[in-house]
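Trainee: Quick one: structure below, then a few questions.
The values are calculated or read from the model by the stated rules, or taken from the named source; none is laboratory data. Please read all numbers here as calculations on a predicted model, not as lab measurements. Cβ atoms come from the backbone with ideal geometry, glycine included; neighbour counts cover every protein chain shown. Surface areas here come from the heavy atoms of the whole protein model, side chains and all, with no ligands, DNA or RNA. Shrake-Rupley method; radii C 1.70, N 1.55, O 1.52, S 1.80 Å.
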Amino acid sequence: MNATANSVDPVDVARAAFRSVAAGHLDHFTELLHEDVVFDVVPVGLRRGRQAVRRYFEEVRLAMPDLVMTMEHAVGDDRYAAVEWRMTGTFDGAPYQGLAPTKRHTPCRVSTSSKWAPDASGVPEPSSTAPNWAARSASCPPAVQPPTVPRPGRST
């Protein structure tokens, strides 16, 4: 544990949030998020607020009913946490981001980082038990990624 005895450890909360979403316990996951969370899903875009982040993970779970998420590493300090994880599933459920299911197995390697919500003095608020910002980057095959649009003058 990285935090003092009277504070919340960002890494512990990041682990708890990961375990909740991995198990499909989205109510608990959502409770762990700061109400103003910003989740940047590369290359899909920003999700702002608890419910938008929850809806994103609901969409992923509906698209890949056999989804398995595995935490590889979790690290951080008293203000930051980062989790590296893997996600595998078959894209044979609901459409994802407007894309029809491909029925292909899709492994992804993902990293998520978060910065703790500071109060006016810059100290993490004791009442804020979750990150206020998160960024996610993923390496997934084309089975679930939106098609890329080439820039003018480039082929891809």
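Trainee: If you take the residues in the range 59-70 that are out of contact with any Lys or Arg (no Cβ under 8 Å at 6 or more places or on another chain) and in a loop (DSSP other than H, G, I, E, B), which one is least open to solvent (accessible area, probe 1.4 Å)?
Mentor: Selected residue: Met64.
Trainee: Please count how many residues of the range 17-48 are at pLDDT 90 or above, assigned to a loop (DSSP other than H, G, I, E, B) and open to solvent by 40 Å² or more (accessible area, probe 1.4 Å).
Mentor: Looking only at that region, the number is 1.
Trainee: Now for a different question. For His73, indicate whether it is surrounded by fewer than 17 Cβ atoms within 10 Å (Cβ to Cβ), within 18 Å of Cys108 (Cβ to Cβ) and of a type outside the set (Ser, Thr, Tyr).
Mentor: Criteria met by His73.
Trainee: Select, from Ala82, Ala52, the only residue that is outside any strand (DSSP E or B), under 16 Å from the mean Cα position of the chain (by Cα) and among the small types (Gly, Ala, Ser).
Mentor: Of the residues listed, the single one that is outside any strand (DSSP E or B), under 16 Å from the mean Cα position of the chain (by Cα) and among the small types (Gly, Ala, Ser) is Ala52.
Residue-by-condition table, conditions (1) among the small types (Gly, Ala, Ser); (2) surrounded by 14 or more Cβ atoms within 10 Å (Cβ to Cβ); (3) modelled with pLDDT of 90 or more; (4) more than 19 Å from Phe39 (Cα to Cα):
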residue: Tyr80; (1), (2), (3), (4): no, yes, no, no
residue: Phe91; (1), (2), (3), (4): no, yes, yes, yes
residue: Val110; (1), (2), (3), (4): no, yes, no, no
residue: Ser114; (1), (2), (3), (4): yes, yes, no, no
residue: Asp119; (1), (2), (3), (4): no, no, no, yes
residue: Glu125; (1), (2), (3), (4): no, yes, no, yes
residue: Ala130; (1), (2), (3), (4): yes, yes, no, no
